[in-house]
Amino acid sequence: MNKGPYYLSTAIAYTSGKPHIGNTYEVVLADAICRFKRLEGYDVYFQTGTDEHGQKIQEKAEAAGITPQQFVDNVAGEIKRIWDVMNTSYDRFIRTTDPMHERKVQQIFKKLYDQGDIYKSEYEGLYCTPCESFWTESQLVDGKCPDCGGEVHPAKEEAYFFKMSKYAPRLMKHIEEHPDFIQPEARKNEMVNNFLKPGLQDLCVSRTSFTWGVPVDFDPKHVVYVWIDALSNYITFPGYEVDGNHGEQYKKYWPANVHLIGKDILRFHTIYWPILLMALDLPLPKQVFGHPWLLVGDGKMSKSKGNVIYADDLVDLFGVDAVRYYLLHEIPFASDGTLTYDLLMERINSDLANILGNLVNRTVAMSHKYSGGVLSDHAVPGEFDSELIDLCLATPGRVAAKMDQLRVADAIDEIFTLLRRANKYIDETTPWVLAKDESNHARLDTVLYNLLETIRFAAALLHPFLPDTAERICKQLNIALPDWDSLSAFGGLEAGHRLGEGEILFARIDIPKKMEEINKLLAEKAKAALPALELEPQSGEKVDFDTFCKSDFRAVKVKACEAVKKSDKLLRFTLDDGTGTDRQILSGIHKFYEPEQLVGKTLLAIVNLPPRKMMGLESCGMLLSAVHKEKGEEKLRLIMLDDAIPAGAKLC
């Protein structure tokens, strides 16, 4: 049954580096919602992708010695690979460097300019390069960028501006008339009270201080800024055209049902984007949902904190569906969730191995042992049957109700309530006791049938969240994945049906032993991350191996970096070296790097050198770099390590 079109988009990932597990959570959440909608019978269009323009990317590409296009090609490929590793079923993976998108962005910009919504002026303020944002003095927090906590510097720049205030009353009216437009409720209150009610300032929508962006075709020294470039992906790729000759996909799916985004970019999607759509005279998306963050331990995941965990590393350790389950079940609807290795393993043991895996394993094994793996047509009801059957029939509706509210963790809980009831049913009916008496075999067959039919329901409902696991369950049942309509009645498995072979879905984890494995893998990764540099033979004094081994090489995380006053060369680094006390190192590399480029990076340092005084400041160690000549000019590259390596990891 086709219930009609359903369009869900994620925010597009910024191609400044490899996405961590917190970034990956969003696309897994989106995938679960889209898979469930397909199960219900909707015609789903699921769009995700990458945001590939901006000053930060241009600077990172220059630091890496490659073109911006080469840089984003590499990172976009890595993002897509991780989305695929997590078994996400997107219909389209978009990239904002697509020539089609760039053409449409230019046309949108020109249309808004021609109708008087965009005008040229000059911007002056305090600029944060990593965030690519201007701030006023009053917006700073302790003199630093309110978003990333980094340094800001005065900047003045010619720019085009979009007249936000012109559309603010219309947006406020839309929010009032559509109470579900911004969800959860707390996010809506934040946008209205903190941004709309105080009044909107006009928005800077072009830049001249960098070139890596979509050129403004009628003023080429300007590039279109992220607000129009990135946000318009939601309409350009489905087929929006400025002249109104829209593609069939756009006509079918727009307006989107849900924009799924992180709560940190809610303002852009609930204020800037709707106003842009209003200016284009287009319908607004039906809902913008700002999901919470995934925290590591007691803090937000951040490269500068050295607490970054990557999805593919977790998959290597625990498998795709175990990681998906944790992400989807352990992050609440409106508050942040926490990830630790211990919590992840506890959930695998308690939920996936004990509740789900144990139910399927015991039921299939008993069916093979007592009935030769063939379902019987016996029907001998017992006192516990109706409660299990009634819960089976009620669970699809309960799951659907939670999913309609995007309460994914609660929807999973409904399925596990059914699984727990089925495990209890085994204890109540004691099939192993029934098997001892031939006269009870008809009742035994009925009990096993009820359990297998319950597992059929569970497999269908679990598929959006644990797709591989659901398919493995169906293989054991020897059936195709059930559709939604088949869950309207209990009794889909037919008498005489032969089961497939049983297998363990999730093995219990020996947590202390697994932690040893994890620590060993992290150490090996840290060792492997030291680049093998091919150097020309050098003359000079030989150093014996024992002397070399006295050097203590450690991974360090850059917490802060700033230029040293009255010095053209020196940068002052505040580093996390894993000891709990910040380490200060000075390095004469300002010619090659700006301070803001290095905040959050994982570098390699020798930490057991005696302190040195430089410009009146103490430097406790040395950062390692590679120096070479290119076209006769000296080049320097700091040795940067994988951000998954923890601060203080020893390289040997």
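The values are calculated or read from the model by the stated rules, or taken from the named source; none is laboratory data. Note that the coordinates shown come from a computational prediction; the quantities given were computed from them, not determined experimentally. Don't worry about glycine lacking a Cβ; one is built from the backbone with ideal geometry, like all the others, and counts go over all protein chains shown.
From the set of residues in segment 607-625 that are more than 33 Å from the chain's Cα centre (by Cα) and not in a loop (DSSP other than H, G, I, E, B), which is surrounded by the most Cβ atoms within 10 Å (Cβ to Cβ)?
So the residue we want is Ser619.
Can you say whether Gly54 is touching a strand residue (DSSP E or B) at 6+ places or on another chain (Cβ under 7 Å), buried (at least 23 other Cβ atoms within 10 Å of the Cβ), at pLDDT below 95 and small (Gly, Ala, Ser), as far as the supplied structure shows?
no
I'd like to know if segment 603-619 contains one or more residues that are modelled with pLDDT under 85 and under 30 Å from Asp316 (Cα atoms).
Within segment 603-619, not a single residue is modelled with pLDDT under 85 and under 30 Å from Asp316 (Cα atoms).
Looking at segment 151-169, can you tell me whether even one residue there is loosely packed, with under 15 Cβ neighbours inside 10 Å, farther than 16 Å from Met278 by Cβ and aliphatic (A, V, I, L, M)?
Scanning segment 151-169 turns up at least one residue that is loosely packed, with under 15 Cβ neighbours inside 10 Å, farther than 16 Å from Met278 by Cβ and aliphatic (A, V, I, L, M).
Please enumerate the residues belonging to segment 378-404 that are without any contact (Cβ under 8 Å) to a residue 24 or more places away in the chain and not hydroxyl-bearing (Ser, Thr, Tyr).
Of everything in segment 378-404, those that are without any contact (Cβ under 8 Å) to a residue 24 or more places away in the chain and not hydroxyl-bearing (Ser, Thr, Tyr) turn out to be Glu383, Asp390, Ala394, Gly397, Arg398, Ala401, Lys402, Asp404.
Need the failing condition index for Lys60 against (1) assigned to a helix (DSSP H, G or I); (2) closer than 24 Å to Trp227 by Cβ; (3) modelled with pLDDT of 95 or more, just the number.
Going through (1) assigned to a helix (DSSP H, G or I); (2) closer than 24 Å to Trp227 by Cβ; (3) modelled with pLDDT of 95 or more one by one, Lys60 breaks only (3).
It is to be established whether one or more residues within segment 425-443 are under 25 Å from Ile348 (Cβ atoms) and either buried (at least 21 other Cβ atoms within 10 Å of the Cβ) or of a type in the set (D, E, K, R) (or both).
yes
Take the residues in segment 183-242 that are among the small types (Gly, Ala, Ser) and closer than 15 Å to Leu112 by Cα, then tell me which one is surrounded by the most Cβ atoms within 10 Å (Cβ to Cβ).
Out of the qualifying residues, it is Ser206.
Out of all the residues in segment 578-600, which are in contact (Cβ under 8 Å) with a residue 60 or more places away in the chain and buried (at least 21 other Cβ atoms within 10 Å of the Cβ)?
Glu596, Val599, Gly600, listed by residue number.
Please work out if Tyr123 is assigned to a strand (DSSP E or B), among the aromatic types (Phe, Trp, Tyr), in contact with an Asp or Glu (Cβ under 6 Å, 6 or more places away or on another chain) and under 30 Å from Val315 (Cα atoms).
No, not satisfied.
Can you tell me which residue among Arg456, Arg498 is crowded, with 18+ Cβ neighbours inside 10 Å and of a type in the set (Lys, Arg)?
Arg456
Which residues, taken from segment 84-109, are farther than 30 Å from Leu203 by Cβ and part of a helix (DSSP H, G or I)?
Within segment 84-109, Asp84, Val85 meet the criteria.
Does Leu352 satisfy the condition of being within 22 Å of Ile509 (Cα to Cα), over 30 Å from the mean Cα position of the chain (by Cα), touching a residue at least 24 places away in the same chain (Cβ under 8 Å) and outside any loop (DSSP other than H, G, I, E, B)?
Criteria not met by Leu352.
For segment 136-150, which residues satisfy the criterion of being in a strand (DSSP E or B) and exposed (fewer than 14 other Cβ atoms within 10 Å of the Cβ)?
Listed by number, the list holds a single entry, Val141.
Being in contact (Cβ under 8 Å) with a residue 60 or more places away in the chain, at positive phi and crowded, with 22+ Cβ neighbours inside 10 Å narrows it down to one of Gly49, Gly65, Gly41, Gly22, so name that one.
Just one listed residue meets the conditions, Gly49.
Are any residues in segment 166-181 touching a residue at least 12 places away in the same chain (Cβ under 8 Å), out of contact with any Pro (no Cβ under 6 Å at 6 or more places or on another chain) and part of a helix (DSSP H, G or I), and if so, which ones?
Result: Ala168, Arg170, Met172, His174, Ile175.
Quick check: is even one residue across segment 622-640 closer than 18 Å to Thr581 by Cα and of a type in the set (A, V, I, L, M)?
Yes.
Restricting the search to segment 415-439, which residues are assigned to a loop (DSSP other than H, G, I, E, B) and of a type in the set (Asp, Glu)?
Asp437 - this is the single residue of segment 415-439 that is assigned to a loop (DSSP other than H, G, I, E, B) and of a type in the set (Asp, Glu).
Check off (1) among the aliphatic types (A, V, I, L, M); (2) exposed (fewer than 13 other Cβ atoms within 10 Å of the Cβ); (3) over 27 Å from the mean Cα position of the chain (by Cα) for Ala507 and give me the number that stays unchecked.
Among (1) among the aliphatic types (A, V, I, L, M); (2) exposed (fewer than 13 other Cβ atoms within 10 Å of the Cβ); (3) over 27 Å from the mean Cα position of the chain (by Cα), the lone unmet condition for Ala507 is (3).
Name the single residue, out of those in segment 326-341 being hydroxyl-bearing (Ser, Thr, Tyr) and closer than 17 Å to Asp316 by Cβ, that is surrounded by the fewest Cβ atoms within 10 Å (Cβ to Cβ).
Among those residues, the one meeting the criterion is Tyr341.
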